[in-house]
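Remarks on the structure that follows.
What follows draws every value from the coordinates through simple rules; no lab data is involved. Since this is a predicted model, take the numbers as computed values, not measurements. Note that we place each Cβ from the backbone using ideal geometry, even for glycine, and neighbour counts take in every protein chain shown.
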Amino acid sequence: MVDDAAELRELLHDYLAGQGYDVVTAATGADALDAVTRNEPDVIVLDMWMPGLSGLEVLGALRRAGSTVPVIAISGSCPVGRDGFFAALQKPFTLRDLARLVAAAVADRRQQA
């Protein structure tokens with residue numbers, strides 16, 4: 001879960017952890033890339049607009065490094081296209097919608113393995 005907004009990061013962490021997921025959070029794109037290189041997750045929930053590396057830059061770096069992990073884009077300031085993303089959610093979104101997409105991404109990832 002990558003978002004520069006601490007309150008949202010905590011909310012999503014707690015919600016997804018309560019759904020049974022092991023959740024790692026990052027506040028920046030650089031921190032996210034570091035976390036992914038240590039242990040590639042089943043899915044990444046990625047904010048598009050962060051200081052430093054944007055979500056699109058993080059996605060590009062992941063793909064150049066060969067990562068095929070599904071990425072769910074979240075954005076509050078503009079509509080997000082699906083180019084290269086598993087799915088996209090416009091902020092504000094419901095926790096139920098996020099949980100549905102995370103479950104679908106995890107199932108897709110495991111099916112491809």
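Suppose every K and R has +1 on its Cβ and every D and E has -1 on its Cβ; what is the size of the dipole of the chain about the Cα centre, in Debye to the nearest 20? Write down the numbers at each step before the final one.
On the way: 10 positive and 15 negative charges, 83 e Å.
So the magnitude is around 400 debye.
Mind listing P(r) for the range 34-85? All alpha-carbon pairs, 10 Å bins, whole percents.
Percent of pairs per bin, in order: 24, 60, 16, 0.
With a/c under 1.5 counting as rounded, go ahead and sort the range 1-41 into rounded, prolate or oblate using the C-alpha gyration tensor (a ≥ b ≥ c being the square roots of the eigenvalues; past the cut-off, prolate if a/b is larger than b/c, else oblate). Kindly include the intermediate steps, with their values, before the conclusion.
On the way: a/c = 4.16, a/b = 1.25, b/c = 3.32.
Taking the square roots of the gyration eigenvalues as a ≥ b ≥ c, the range 1-41 is oblate.
Determine the distance separating the Cα centre of the range 47-113 from the Cα centre of the range 1-23; give it in Å without decimals.
If you average the Cα positions of each part, the centres end up 14 Å apart.
Does the range 55-113 come out rounded, prolate or oblate, given a ≥ b ≥ c as the square roots of the eigenvalues of its C-alpha gyration tensor, rounded meaning a/c under 1.5 and, failing that, prolate meaning a/b above b/c? Write out the running numbers ahead of the final one.
On the way: a/c = 2.85, a/b = 1.15, b/c = 2.48.
Since a/c reaches 1.5 but b/c is at least a/b, the shape of the range 55-113 is classed as oblate.
Over 18 Å, how big is the tail of the calculated P(r) for the chain, in percent of all Cα pairs? Each step should come with its number before you reach the end.
Details: 2784 of 6328 pairs.
Everything past 18 Å amounts to 44 percent.
Check every DSSP H run in the chain and write down those whose alpha carbon atoms cover 20 angstrom or more along the long axis and whose mean Kyte-Doolittle hydropathy is -0.5 or greater.
Numbers: long enough: 95-112 (25 Å, -0.18).
Once both thresholds are applied, what remains is 95-112.
Let me have the 222 nm mean residue ellipticity of the chain computed from DSSP H runs of 4+ only, each contributing -39500 (n - 2.57), with the sum over all residues rounded to the nearest 500.
Values: 4 runs with 51 residues, N = 113.
Helix-only estimate at 222 nm: -14000 deg cm²/dmol.
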